[in-house]
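Every read-out reported here was derived from the displayed coordinates using simple, explicitly stated rules and does not represent laboratory data. Just so we're clear, the structure is a prediction, and the values are computed from it rather than from any experiment. Using ideal geometry, Cβ is built from the backbone for each residue, glycine included, and neighbour counts are taken over all protein chains shown.
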Amino acid sequence: MTRLPFNLALMLVCGLLTLGARPVWADEWPQLLGPGRTGVSAEQGLLKSWPAGGPAVVWRVPGGVGMSGMVVVQDRVLTLVQREGRQWAVCLSAKDGSELWHSDLAPALRNQMGDGPRSTPTVVGDVAYVFTGQGVLLALRLQDGSQIWSNDLMETLEGELADYGMACSPLVVGERVIVTVGAASATVVGVEAKTGKVAWQAGREQPAGYSSPALIPVKGRPQVVVFAGASALGLDPQTGKELWTFPYVTDFACNIATPLAVDGGVFLSSGENHGSVLLDLKPGGQGFEAVPRWTSYGPKSTFRNEWQTSVALDGALYGFDNVGSAGPVTHLACIDPRTGERHWQELRFGKGNLTAADGKLFIITLTGELVVVRANPQKFEVLGRQPLLEKTRTAPALSGGRLFARDDHEIVCVDVREP
């Protein structure tokens, strides 16, 4: 019997667990960071060499302001934008970029760190779950964008908005939609997927931060891992029971990257000169004890993910190492996730986001440049690069051999298949 590579197997298992009974195949991108919320796609047959003139742009259409990522399901592209003084969910044809529908969600969000919605939608079957910059969670019909239910969680839980806007992308596990809210009575909540009613609350008295939860199997038991503003928590996805907690305090509660399953542990990383840790979860009592396998903290840390989630691929961890307190200097780096030791570092590469597929890293830089790098733990190797967009903080989505990216003005689709 053919065995699947670990990353692919994990992606498919987590995709089925988080997105219900409907299978999620490798050519769909149904949530933040793709099928397994790992930033890794199982697609193959992608660029082996840089084509003359760069990869072809399939289409380019107007979009809107915001940092929401894109999901690609059922030949549709869905994201959140801000325009005309409102936040909108916008659905486009993946084939040609034509708009299929748009749905009014909330008033505009204006913020010193950038305007517009931050959260990426999550699609399960024919329903899209979206979270506005003010903390309103909604369920929309994928067919036409009509509203199924809405819950203003800040009002329901008497919470306060995060300083830079609510940024959590919904995680769907079975019949629960899970988001981080940072209310005094609830750091995170599980909401009934069918009704929008709060089913459980977990954690207390800490800010939400800006990370999104992930479903991570731990010793055969799926856990929701939440990287909140002052700690990481492991929760039972159906009941919200706290299984473990690990303090992780950063300036301004700027824990942003999504937790990752790495070498049997849980990897956490933050910028603001904080660093990284790999946690081993050891059974204890009725839960687990989070024990650091290695740490790399402070100004000399090997890895400081600011607002970019790294990707684990074939025994290596690739990502962005930001120097200083949200400073302008950022390196692209590859480390050994088992030890935290650095394999290589491309100095002053710049800020950006990446998605991994077919042995390559597809990067959209903060300045809007598309860069394709071989995923090689031995050395930094660029296949090619080309300007694509204006300034953007959004990670690319990958589906059907096409890369989808956006800035505050446009949404673009690029063919990244091998000719």
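Ranked highest first by the average count of other Cβ atoms within 10 Å around their residues, in what order do 283-289, 359-365 fall? Mind showing how you got there, number by number?
Details: 283-289: 13.1, 359-365: 22.7.
Top of the packing list down: 359-365, 283-289.
I'd like the distance separating the alpha-carbon centroids of segment 171-201 and segment 102-139, in whole Å.
After rounding, the separation between the Cα centres reads 16 Å.
Would you count, across the chain, every pair of lysines whose alpha carbons are under 29 angstrom apart, provided the pair is eight or more residues apart or spans two chains?
Total qualifying Lys-Lys pairs in the chain comes to 23.
Using the Kirkwood radius over Cα pairs, work out the Stokes-Einstein diffusion coefficient for segment 240-398 at 10 °C and 1.306 mPa s, in µm²/s as a whole number.
Details: Rh = 16.1 Å.
Answer, rounded: 99 µm²/s.
Taking θ = phi - 60°, what integer Hz values does the Karplus form 6.51 cos²θ - 1.76 cosθ + 1.60 yield along segment 169-178, in sequence order, with x for Gly and Pro?
Taking θ as phi minus 60°, the curve returns 8, x, 10, 9, 10, x, 9, 10, 10, 10 Hz for segment 169-178.
Based only on Cα atoms, what Rg/Rh ratio does segment 191-271 have, Rh being taken as Kirkwood's radius? Show your work: numbers first, answer last.
Details: Rg = 12.8 Å, Rh = 13.2 Å.
With Rg and the Kirkwood Rh in hand, the quotient comes to 0.97.
Using θ = phi - 60° and the Karplus relation 6.51 cos²θ - 1.76 cosθ + 1.60, list the HN-Hα couplings for segment 182-189 in order, rounded to whole Hz, with x at every Gly or Pro.
3J(HN,Hα) across segment 182-189, in whole Hz: x, 6, 4, 9, 7, 5, 9, 10.
Evaluate the charge dipole of the chain about its Cα centre and quote only its size in Debye, nearest 20, assuming +1 on the Cβ of each Lys and Arg and -1 on the Cβ of each Asp and Glu.
On the way: 36 positive and 41 negative charges, 150 e Å.
So the dipole magnitude of the chain works out to roughly 720 debye.
If you wrap a convex hull around the alpha carbons of the chain, what volume per residue comes out, as a whole number of Å³? The partial results should precede the final answer.
Working: hull volume 53.4 nm³, N = 419.
That works out to 128 Å³ per residue.
HN-Hα J couplings of segment 81-87 from phi, Karplus 6.51/-1.76/1.60, θ = phi - 60°, integer Hz, Gly and Pro as x?
9, 10, 6, 6, x, 9, 9
Given the C-alpha centroids of segment 366-393 and segment 56-88, what is the distance between them in whole angstrom?
Going from one Cα centre to the other spans 21 Å.
Enumerate the amide H contacts of Trp294 below 5 Å, restricted to partners 5 or more residues apart or on another chain; note that Pro and chain-start residues carry no placed amide H.
Under 5 Å from the amide H of Trp294 lie the amide H atoms of Leu278, each far enough along the sequence or on another chain.
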